[in-house]
1. Hey, does segment 226-233 have a residue that's among the β-branched types (Val, Ile, Thr) and within 18 Å of ARG137 (Cβ to Cβ)?
2. Scan segment 18-27 and give yes if some residue there is surrounded by 15 or more Cβ atoms within 10 Å (Cβ to Cβ), among the hydroxyl-bearing types (Ser, Thr, Tyr), at pLDDT 95 or above and outside any helix (DSSP H, G or I), otherwise no.
3. Pull up segment 44-54, narrow it to residues that are within 10 Å of the chain's Cα centre (by Cα) and not small (Gly, Ala, Ser), then point me to the one that is farthest from the ligand (Cβ to nearest atom).
4. Exactly one condition in (1) touching a helix residue (DSSP H, G or I) at 6+ places or on another chain (Cβ under 9 Å); (2) over 21 Å from PRO27 (Cα atoms); (3) of a type in the set (A, V, I, L, M); (4) surrounded by fewer than 23 Cβ atoms within 10 Å (Cβ to Cβ) is not met by ALA219; state its number.
5. Would you call TYR133 among the aromatic types (Phe, Trp, Tyr), under 17 Å from the mean Cα position of the chain (by Cα), modelled with pLDDT under 95 and within 11 Å of the ligand (Cβ to nearest atom)?
6. Six or more apart or on different chains, Cβ under 6 Å: which pairs go from a residue in segment 303-314 that's away from the ligand (no atom under 11 Å from the Cβ) and in a strand (DSSP E or B) to one that's among the acidic types (Asp, Glu) and modelled with pLDDT under 95? Could you list them?
7. In segment 168-199, which residues are surrounded by 22 or more Cβ atoms within 10 Å (Cβ to Cβ), more than 11 Å from the ligand (Cβ to nearest atom) and closer than 19 Å to ASP53 by Cβ?
8. Evaluate segment 164-176: report whether one residue or more is charged (D, E, K, R), within 22 Å of VAL238 (Cα to Cα) and touching a residue at least 12 places away in the same chain (Cβ under 8 Å).
Amino acid sequence: MTNSTGPADDQLSDRLRALRGGLRPTPVVPLRGDGLDLFAKLEYCNVNGSTKDRAALWILQQAVARGDVHTGTTVVESSSGNFAISLASYAVALGVRFVPVIDPFCNRGTEAHLRTLCPVVEKVTEPDGAGGYLRTRLARTAELITGDPAAYWPNQYRNADAAEAHYRFTGGELCEALPRLDYLFVGVGTGGTIAGLSHRVKEAFPGCAVIAVDAVGSAIFGAPAAPRRIPGLGSGIVPPLVGDALIDDVVLVPEPDAVAGCLELLGTHGVFAGGSTGSVYHAIRHFFSVSPVPRRMPTVAFLAADRGHAYAETVYNPAWVSTLHTGEPFPAAA
Ligand SMILES: Cc1ncc(COP(=O)(O)O)c(C=O)c1O
């Protein structure tokens with residue numbers, strides 16, 4: 001992961017400080033909760049449109065401070081899309097080269113965005129036998145950095161700075177915005193978000209339950225891996241960062257229910273969010289429909305991790321959604 005080659009690059013440090021100085025907290029908005037005091041933290045209002053933005057900037061800032069990234073470094077990273085968009089944007093702002101390693105489940109718009117920002121985009125095509133392409137992406141990333149002394153791999157699946165970013169920023173802002181919190185629902189991919197947020201909210205609100213939301217077909221919480229198509233949640237491996245999280249319960253959401261969650265979130269609240277947010281919203285509805293309702297109306301929060309636009313051809317496209325039920329491949333994802 002590290003390729004430390006000396007002291008911090010002052011020019012990059014200054015640019016990163018300036019970029020971070022420009023950041024503002026994302027909104028925490030109340031939604032009509034139907035028995036819940038429900039809040040969404042709109043992470044899609046981050047500069048590069050997703051919850052991954054805080055982690056990307058903080059990881060780069062820490063890597064520069066340690067001397068792992070300097071002018072002349074090539075950053076290489078495996079991503080389902082959002083982390084790559086944030087790294088690509090910050091790499092451009094810093095004048096550093098970035099090579100994203102993506103797969104066929106990356107949204108088409110996200111891939112097009114990456115191709116305009118990055119001279120080289122590595123797209124793996126070999127399924128990994130664990131329901132997706134993650135292991136293939138990680139193997140390709142390892143190959144690309146091997147023997148290249150100018151390469152730096154943030155490795156979001158193992159990088160504790162990702163959790164630290166969510167502890168400090170996402171979590172700090174959420175705790176500041178709410179007077180109380182009984183339940184926090186968090187989608188899990190690499191585990192960085194839940195590792196950071198769970199510690200922060202339990203420090204501020206010791207009675208708060210943290211509910212992890214994962215996709216059916218993901219191996220993160222011990223179920224057998226199976227094909228999944230919506231990027232963001234789930235993994236074919238158990239990411240080490242998940243072991244650092246404080247998790248009270250887990251809800252697994254089938255992909256058709258993630259779509260139903262997106263449509264309900266849009267139709268009921270006007271929130272146009274991506275597939276992982278639909279999963280989390282569906283998990284909240286399901287959780288409180290089967291659990292005993294607490295006597296006092298509970299305060300519940302979740303992140304709207306990214307916007308729906310990138311999912312126009314998939315989650316919001318009935319032709320694509322019908323293939324989730326039949327299991328047929330869809331041309332856009334082929
Ligand atoms: C849209 C979206 N939601 C949720 C997640 C999960 O976050 P984490 O990787 O921190 O577990 C991701 C991760 O890429 C994501 O892109």
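The values are calculated or read from the model by the stated rules, or taken from the named source; none is laboratory data. From a predicted model like this one, the values you see are computed outputs, not experimental measurements. So basically every Cβ, Gly included, is an ideal-geometry build from the backbone, and we count neighbours across all protein chains shown.
1. Within segment 226-233, one or more residues are among the β-branched types (Val, Ile, Thr) and within 18 Å of ARG137 (Cβ to Cβ).
2. Checking segment 18-27: at least one residue is surrounded by 15 or more Cβ atoms within 10 Å (Cβ to Cβ), among the hydroxyl-bearing types (Ser, Thr, Tyr), at pLDDT 95 or above and outside any helix (DSSP H, G or I).
3. Going through segment 44-54, the residues within 10 Å of the chain's Cα centre (by Cα) turn out to be 50-53.
Applying the additional criterion that residues be not small (Gly, Ala, Ser) yields 51-53.
Values: THR51: 6, LYS52: 6, ASP53: 10 Å.
Selected residue: ASP53.
4. Going through (1) touching a helix residue (DSSP H, G or I) at 6+ places or on another chain (Cβ under 9 Å); (2) over 21 Å from PRO27 (Cα atoms); (3) of a type in the set (A, V, I, L, M); (4) surrounded by fewer than 23 Cβ atoms within 10 Å (Cβ to Cβ) one by one, ALA219 breaks only (1).
5. No.
6. none
7. PHE169, GLY171, LEU174
8. yes
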